[in-house]
Structures are given as C-alpha cells and as structure tokens.
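Values in this text are rule-based calculations from the coordinates and carry no lab data. Because the structure is predicted, anything quoted here is derived from the model rather than measured. Because the Cβ atoms are built from the backbone with ideal geometry, glycine has one as well, and the counts that use them run over all protein chains shown.
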Amino acid sequence: MAEQLDQPLSEGRSRRLRWARPRRTTRSDTSGRVAEAIARFSGTPTFLIWLTVFVALWMAWNSWGPGPLRFDKAELGFTALTLMLSLQASYSAPLILLAQNRQDDRDRVTAEQDRQRAERNLEDTEFLTREIASLRYAMNDVATRDFVRSELRGMLEEILAEERRTREQIHDERGEERRDGRRSEARAPGAEPPAGGSSGSQD
C-alpha cells in the first residue's frame, strides 16, 4: 500500500479526480441559477399577464366553444385547469425557497468577506502603529501617549467609517433582494399559505 501511495496517479484516474467535484458543483450551481430565474420570472408582471390571458382563453373556449371540441367542461368546474394551477402553485413555492436559500448563501459569503476585511484593517492599523512608533524612536523622538492615542483614534475612525459604509451598502442590497423575494412570493398565482400558522414559523 505504501508503494502505491508513493507512485503517481495514472492519467485517467487523475483526470477523473480533477473533474469529478467541479462537475457536481457546476451542475448544482446551474440548477440553482435556473430555479432562481424561474422564481424571479414568476413574480414579474409579464408572467401574470400571460397567465391571465391563458386562463381567460381556457375558460372562454370551454364555456362557449364548439361542444365536441371542449376538453374541460365548465359544468365540472374546469377540473383540468384547477389541476394545472394547483401544480403551478405547488412548484412555485419550492422555487421561491430555493431562490431565498441562494440569497442566504450570498449573504453568508458577504458577511465572511466583511469579517476578513475588518481583520485585515485591524492588522494594517497595528502595523502602521508599530511603524510610527519605530520611526519616532529612530529619530530620537519618543511618541507620547497622547500622540499615539490621537493617531489610533484617527485610524479607528477611518476604519469605522469605511465599515459603516460597507454595512450600509450591504444592508441596502439585502433589502432590495428581500423585497424582490417578497414580491415574487406575493405575486405567485394560486399560492396558498401553509396550514398551522405560517406566520409563526416566519417569525
């Protein structure tokens, strides 16, 4: 076994290992983008207009069309149309949830990047503080406590201002994405709230 570990992988096996995981990741990302695009389109006025026209034509044809050509009788309450709308509503809810999950993943990545950026800013501040102190010592001008405090206070204010601007920008972007998601969910035709107090689960 040890001899096999010391030997390099064959060309075919190395190719399989190289492409196996990226392929799964690409497929998952592609399916997520498709689901998000469908969920976004289902909340647009274009989708609502086309759905309204489709339902109106369906009901008009099966109500006043030629008798032998009617395929969904109005006397039975448009059973086929009801089934189609129920299926559309049942698929719209999971698609909206998938889009929200992708948005949550993006928010998580953004928060991690913000944390790393804050850590880098803190490290830069400490480095600059040490450099300023070393320069003053080299020039036989020892830095006083008030000077160091003023320098640190100025750097800290700059870092906090930059972080505040970044958080405000992220908050605005999240607000826009959440408003789009709520509009898509509210405009999803035929969607019924789940039984058992859905508002409590959202809180």
Q. Since residue 97 meets every condition but one in (1) under 28 Å from residue 173 (Cα atoms); (2) touching a helix residue (DSSP H, G or I) at 6+ places or on another chain (Cβ under 8 Å); (3) surrounded by 13 or more Cβ atoms within 10 Å (Cβ to Cβ), which condition does it not meet?
A. (2)
Q.
Anything in the stretch 95-145 that is assigned to a helix (DSSP H, G or I) and either of a type in the set (Gly, Ala, Ser) or in contact with a Leu (Cβ under 9 Å, 6 or more places away or on another chain) (or both)? List them, or say none.
A. 99, 111, 118, 125, 129, 133, 134, 138
**Q.** Failed item, numbered, when residue 71 is tested on (1) part of a helix (DSSP H, G or I); (2) exposed (fewer than 12 other Cβ atoms within 10 Å of the Cβ)
**A.** (1)
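Do you know which of the residues in the stretch 38-60 that are surrounded by 15 or more Cβ atoms within 10 Å (Cβ to Cβ) and either hydrophobic (A, V, I, L, M, F, W, C) or touching a Cys at 6+ places or on another chain (Cβ under 9 Å) (or both) is farthest from residue 179 (Cα to Cα)?
Across the stretch 38-60, the extreme among qualifying residues is 58.
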(Q) Is it the case, given these coordinates, that residue 92 is loosely packed, with under 13 Cβ neighbours inside 10 Å, touching a residue at least 60 places away in the same chain (Cβ under 8 Å), assigned to a helix (DSSP H, G or I) and not basic (Lys, Arg)? (A) no
(Q) Six or more apart or on different chains, Cβ atoms under 7 Å: show the pairs whose first residue is in the stretch 45-64 and closer than 16 Å to residue 77 by Cα and whose second is among the basic types (Lys, Arg) and surrounded by 12 or more Cβ atoms within 10 Å (Cβ to Cβ). (A) 62/70; 62/73
